[in-house]
Amino acid sequence: MMEYIPYSSVEMKDGFWHSKQKLNREVTIFAVLEQFQKTGRFDALQCNWKPGMPNKPHIFWDSDIAKWVESAAYILQKGPDERLESICEWVIDQIEKNRTSEGYFNSFYLTVEPQGRWQGRGNHELYCAGHWIEAAVAYYEATGRDRFLHMMEEFARYIQQVFVKEQSASFVTPGHEEIELALYKLYRCTGKTEYRDLSKFFLDNRGVRPREPEAMGIQSHLPVREQKSAKGHAVRAMYLYSAMADIARDCCDQKMQEACEALFQDIVRHKLYITGGIGSSKHGEAFTIPYDLPNKEAYTETCAAIGLIFFSSRLLLSQVDSIYGDVVEQVLYNGFLSGLSLDGKAFFYTNPLELCPEWLEKDVDKPKEDQPWLPWLTQRVKVFGCSCCPPNVTRLLASLGGYQYTYEGDALWVHQYMDSEAVHGGMQIRQETQYPNDGRISITVDGVGRLAFRIPGWCSAYKIFLDGQPWEGEEKRGYVYLRLPPGRHNLELQLDMPCVLVEAHPRVREDAGRVAVRRGPVVYCVESVDNGPMVSEIMLDGKAFWEAEYEETYGMHILHTKGLRRNPDGFGDCLYREMVEDRLPVKITMVPYYAFANRGVSEMQVWLLRA
């Protein structure tokens, strides 16, 4: 079976993602730590909170710390860090000290509601347990120490006792999916099939009972093998679908695999933003109907984007098709990375495609004091009340190398283009590139009998050179395949990377008459800090000349071109007038979408009028 070369065997050497991983390792992981310490999340693990004390534990705090520990473990896999390791050991000590005799640990239910254990389906108990399990697996793989892993095995067996044998909980499947994919990871780590079987138990029992309140929001409206349309809370959906993909592949479950494929196709054909964001509605943080992709109201949670990477990367293992790698790439360079500030210290929870600060004055849904989500729309912040996204960002960045390469026998597939080096088994891979600033990729391999590499869906022309000679390989499902004789070989891939205008399907009403700009996998936007106010009036000409200029601050090119805009002075005091042709020529500067809102409050727009 095809498998990913693990992140532990892949080293970022230079380029765009090397700098992002360095920032994550040196700044972001500690910025998240500081905020979690200030808000009491770490202290809650001591399980000594009493009524009247500050920082009352919350039902999802454990998951925040667990993802932070998982992030730290991935970083420790690459080299020692005494501070990270000591904090992880302290966390493990608290779990060991305060867990019950059955192996149960949850800082909220052990202190705030000890009588409520396994009584609230929507209260994230299994969700938190799943993240603890993922953290334990990562920490074991990083350090070789199994204390944490054994504790989580006990926890998993206790969950099996409660939900399968006793059936003593008030619910059968979790309100927020996560435990399913975590149990599968535990199975892969330990080889114990009981954990895979427990994961499958939660999948098999989802949506099979009489319809429950909010069933669609938590993907319980149908049995999982009958779900063909992505519905409900986008993050929960992605975690569920990821587990389904794991189990379908491992258990050769064709019906579940078909459901996964149908769900993926529904997303990419009907519900995916050009930035890779998903989950358009703030109501339920959810998917809605096909082609409902509003820009200024786009919710597109950072965690949902990360979840789509999880889901897409798993589907790739069952069928090699460039669409999966394309989606991973689309999310990485746009809707995922926009969730992190350039200095690595602040985060977006939501990632809209259009911003106007004046809108903050017009919202009439709620009183101003009850709009905690509004600040997310203009500037990133250091921590949220619900701070699931920051540690999700850190763990993906730390483990990013694990999404680049897969292998089977002596065959190697290259899915993502990042300057890196990998050694696995008898294979040696060195990839050198300034991608996505440049479309040239040099790949040197040894011990590889068959080499395959993805041609991105955005690329309309490319050239291949094998050991310095022009070459044509066999193309299948978006990958080019080359058979290599024994020894060391160098492949050079040259991807044509012009600036292009992209239009949306006619049924996406919000984008009618508008175009977006993309260079390679990177989507661009305009901001008023560069282009003056009323950026919604900017018009692009499809025949315009584009100039790309490398900007060190972004680690990416910015774009310059010429366009048009209406003259607002021509209206005087009138709200309406007969149409006249008074468009003014303007110079336009565009920055990568992921970099918006890093220079103060500013208007921003992705989809621009077509001249």
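Answer yes or no as to whether R225 is modelled with pLDDT of 95 or more and under 23 Å from Y187 (Cβ atoms). Even if it seems obvious, please write down each step before you answer.
Working: modelled with pLDDT of 95 or more: yes; under 23 Å from Y187 (Cβ atoms): yes.
Yes; evaluated as a whole, the condition is true for this residue.
Output the residues belonging to segment 479-523 that are under 24 Å from the mean Cα position of the chain (by Cα), under 13 Å from W458 (Cβ atoms) and part of a strand (DSSP E or B).
Matches in segment 479-523: V502, A516, V517, R518, R519, V522, V523.
Any idea how many residues of segment 277-290 are among the polar types (S, T, N, Q) and crowded, with 22+ Cβ neighbours inside 10 Å?
Of the residues in segment 277-290, the ones among the polar types (S, T, N, Q) are 280-281, 288.
Narrowing further to those that are crowded, with 22+ Cβ neighbours inside 10 Å: 280.
Counting residues in segment 277-290 that are among the polar types (S, T, N, Q) and crowded, with 22+ Cβ neighbours inside 10 Å gives 1.
Just for segment 323-349: of the residues that are touching a Gly at 6+ places or on another chain (Cβ under 9 Å) and polar (S, T, N, Q), which one is farthest from G520 (Cα to Cα)?
Among residues in segment 323-349 that are touching a Gly at 6+ places or on another chain (Cβ under 9 Å) and polar (S, T, N, Q), the one farthest from G520 (Cα to Cα) is S338.
If you take the residues of segment 237-257 that are of a type in the set (G, A, S) and within 18 Å of L272 (Cβ to Cβ), which of them is surrounded by the fewest Cβ atoms within 10 Å (Cβ to Cβ)? If you could, list the steps in order and put the result at the bottom.
At the first step, the residues of segment 237-257 found to be of a type in the set (G, A, S) are 237, 242-243, 245, 248.
Checking the rest, the ones that are also within 18 Å of L272 (Cβ to Cβ) come to 237, 242, 245.
On the way: A237: 27, S242: 25, A245: 28.
Here the residue is S242.
Looking at segment 154-166, is at least one residue in a helix (DSSP H, G or I), under 21 Å from P391 (Cβ atoms) and under 27 Å from the mean Cα position of the chain (by Cα)? Give the steps one after another, and end with the answer.
Here is the first cut: in segment 154-166, the residues in a helix (DSSP H, G or I) are 154-166.
Going one step further and asking which of them are under 21 Å from P391 (Cβ atoms), we end up with 155.
Applying the additional criterion that residues be under 27 Å from the mean Cα position of the chain (by Cα) yields none.
The answer is no; no qualifying residue exists.
So that you can scan it fast, the table gives a plain yes or no per residue for (1) over 13 Å from S536 (Cα atoms); (2) surrounded by 13 or more Cβ atoms within 10 Å (Cβ to Cβ); (3) outside the structural domain of M556 (by TED's automatic domain parsing):
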site	(1), (2), (3)
R566	no, yes, no
R577	yes, no, no
V586	yes, yes, no
M590	yes, yes, no
N598	yes, yes, no
S602	no, yes, no
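Give the residue, chosen from L293, L272, L308, L263, that is modelled with pLDDT of 95 or more and surrounded by fewer than 23 Cβ atoms within 10 Å (Cβ to Cβ).
Criteria check complete, one pass: L272.
Quick one: how many residues across segment 238-259 are touching a Lys or Arg at 6+ places or on another chain (Cβ under 7 Å) and either without any contact (Cβ under 8 Å) to a residue 24 or more places away in the chain or within 23 Å of Y299 (Cβ to Cβ) (or both)?
So the answer is 1.
If I filter segment 445-453 for residues that are within 26 Å of the chain's Cα centre (by Cα), among the small types (G, A, S), assigned to a strand (DSSP E or B) and outside the structural domain of R518 (by TED's automatic domain parsing), do I get at least one hit? Spell out how you get there, then give the answer.
At the first step, the residues of segment 445-453 found to be within 26 Å of the chain's Cα centre (by Cα) are 452-453.
Checking which are among the small types (G, A, S) leaves us with 452.
Filter once more, keeping what is assigned to a strand (DSSP E or B): 452.
The next check asks that each one be outside the structural domain of R518 (by TED's automatic domain parsing); those that pass are 452.
Looking for residues that are within 26 Å of the chain's Cα centre (by Cα), among the small types (G, A, S), assigned to a strand (DSSP E or B) and outside the structural domain of R518 (by TED's automatic domain parsing), one finds at least one in segment 445-453, hence yes.
Pull up segment 217-236, narrow it to residues that are crowded, with 18+ Cβ neighbours inside 10 Å and in a helix (DSSP H, G or I), then point me to the one that is farthest from the chain's Cα centre (by Cα).
Here the answer is R225.
The values are calculated or read from the model by the stated rules, or taken from the named source; none is laboratory data. Given the structure is predicted, the values throughout are model-derived calculations rather than measurements. Please note: Cβ atoms are built from the backbone with ideal geometry, for glycine as well, and neighbour counts cover all protein chains shown.
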